[in-house]
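See below for the structure under consideration.
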Amino acid sequence: MSEKPLVTLDRHGTVSVVTLNSPQTRNALGAAISRQLREVLAAVAADAETRVVVLTGAGGAFSSGADIREGMPENRRVEDVINERYRPSLELILGMDKPVIAAIPGPAAGIGLSFALACDLIVMAESAYLLSPFATIGLIPDGGATWFLGRQLGYYRAYQLCVEAERIVAQRCLAAGLANRVVADDSLLQEAIEWAGDLAKRAPLALARTKWAMRQAMHLSLEEAMSLEAKLQNECRSSQDAAEGVEAFFEKRVPVFRGR
């Protein structure tokens, strides 16, 4: 018997929608769903036809976090489980050439928060919220949550939100820069797909190299960032898409980028 699809993949032209599909657990990330997520993300990362990815959850939740009902695998350290179960998928999101949009329909909690913040862009439903609940059960944020929150909010605010396990509702996320857009609950996925479709019309190499440059800039000095930008700009300028963009500009038409 084949394994139940706990992660689904739907294609809308050049947009791939990856959906966590375990509504009964509010898309809690246990062993099976995490394995399937890693496989699907690897597939879309390698798919030349996919230009933008949307990551979302079914049943009104993004993800409620780790599936604590499963418990820990026998004789395994939690450190190893985090690094083996979650880190590969997080690194796929961070490292793939394609922009990844998190479409958050409800709670994104625990490791689900980390997956949301690892994405390049975030659109939230009005009733959605982010939550780091670890302190309430004697644990700390993981999956990079301290890194994401600390850099976006600053130490004091990020620490408070984590130790007090405070819900960050959608409008506050928008005001704090933790989300790009907030939309009506019933139009979330449509809005996310349309946004992804607009991005997919842009030059794929430019999207990819901008993502890489901005991710690296978090670690680099200004001088190092400028050098990296110049190197990547040289690569982009030599592409056929750049030539098409310049030609379309002078011809006053919409460019047609082909990803080369």
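Here are some notes:
- Some residue of the stretch 128-147 being closer than 30 Å to LYS201 by Cβ, touching a residue at least 40 places away in the same chain (Cβ under 8 Å), of a type outside the set (A, V, I, L, M, F, W, C) and in contact with a strand residue (DSSP E or B) (Cβ under 6 Å, 6 or more places away or on another chain): no
- The criterion of at least 2 residues that are under 16 Å from LEU117 (Cβ atoms) is met by the following helices (runs of 4 or more DSSP H) wholly inside the stretch 149-260: 155-163, 170-176, 204-217.
- Looking across the stretch 1-39, the residues that are without any contact (Cβ under 8 Å) to a residue 40 or more places away in the chain, of a type outside the set (D, E, K, R) and outside any strand (DSSP E or B) come down to MET1, SER2, PRO5, LEU6, ASN21, SER22, PRO23, GLN24, ALA32, ILE33, GLN36.
- When restricted to residues that are more than 16 Å from the chain's Cα centre (by Cα) and either part of a loop (DSSP other than H, G, I, E, B) or not assigned by TED's automatic domain parsing to the domain that holds ASP120 (or both), the stretch 131-148 contains 6.
- Scanning the stretch 1-30 for residues that are among the aliphatic types (A, V, I, L, M) and surrounded by 13 or more Cβ atoms within 10 Å (Cβ to Cβ) gives LEU6, VAL7, LEU9, VAL15, VAL17, VAL18, LEU20, ALA28, LEU29.
- Of the numbered criteria (1) within 16 Å of SER63 (Cα to Cα); (2) out of contact with any strand residue (DSSP E or B) (no Cβ under 8 Å at 6 or more places or on another chain); (3) in contact (Cβ under 8 Å) with a residue 60 or more places away in the chain, the one SER114 fails is (3).
- Answer residue from the stretch 206-225, given it is farther than 24 Å from ALA103 by Cβ and either in the same structural domain as ALA102 (by TED's automatic domain parsing) or charged (D, E, K, R) (or both) and is surrounded by the fewest Cβ atoms within 10 Å (Cβ to Cβ) among those: GLU223
- Residues of the stretch 40-80 satisfying the condition of being without any contact (Cβ under 8 Å) to a residue 40 or more places away in the chain, loosely packed, with under 15 Cβ neighbours inside 10 Å and more than 19 Å from ASP142 (Cβ to Cβ): ALA43, ALA46, GLU49, GLU74, ASN75
- Positions within the stretch 105-128 being of a type in the set (Ser, Thr, Tyr) and either within 19 Å of GLN216 (Cα to Cα) or buried (at least 24 other Cβ atoms within 10 Å of the Cβ) (or both), in sequence order: SER114
- Scanning the stretch 106-130 for residues that are assigned to a loop (DSSP other than H, G, I, E, B) and more than 23 Å from THR14 (Cβ to Cβ) yields GLY106, GLY110, GLU126, SER127, ALA128.
- The condition of being of a type in the set (A, V, I, L, M), in contact with a Ser or Thr (Cβ under 9 Å, 6 or more places away or on another chain) and in the same structural domain as GLU191 (by TED's automatic domain parsing) holds for VAL44.
- A count restricted to the stretch 94-104 and to residues that are surrounded by fewer than 21 Cβ atoms within 10 Å (Cβ to Cβ) and not in a loop (DSSP other than H, G, I, E, B) stands at 2.
- Among the residues of the stretch 226-250, the one identified as small (Gly, Ala, Ser), within 16 Å of LYS201 (Cβ to Cβ) and surrounded by fewer than 16 Cβ atoms within 10 Å (Cβ to Cβ) is ALA248.
- Residue match in the stretch 59-77 (condition: aliphatic (A, V, I, L, M), part of a loop (DSSP other than H, G, I, E, B) and modelled with pLDDT under 90): yes
The values are calculated or read from the model by the stated rules, or taken from the named source; none is laboratory data. Just so you know, these numbers come straight off a predicted model, no measurement behind them. For neighbour counting, all protein chains shown are included, and Cβ atoms are generated from backbone atoms with ideal geometry for every residue, glycine included.
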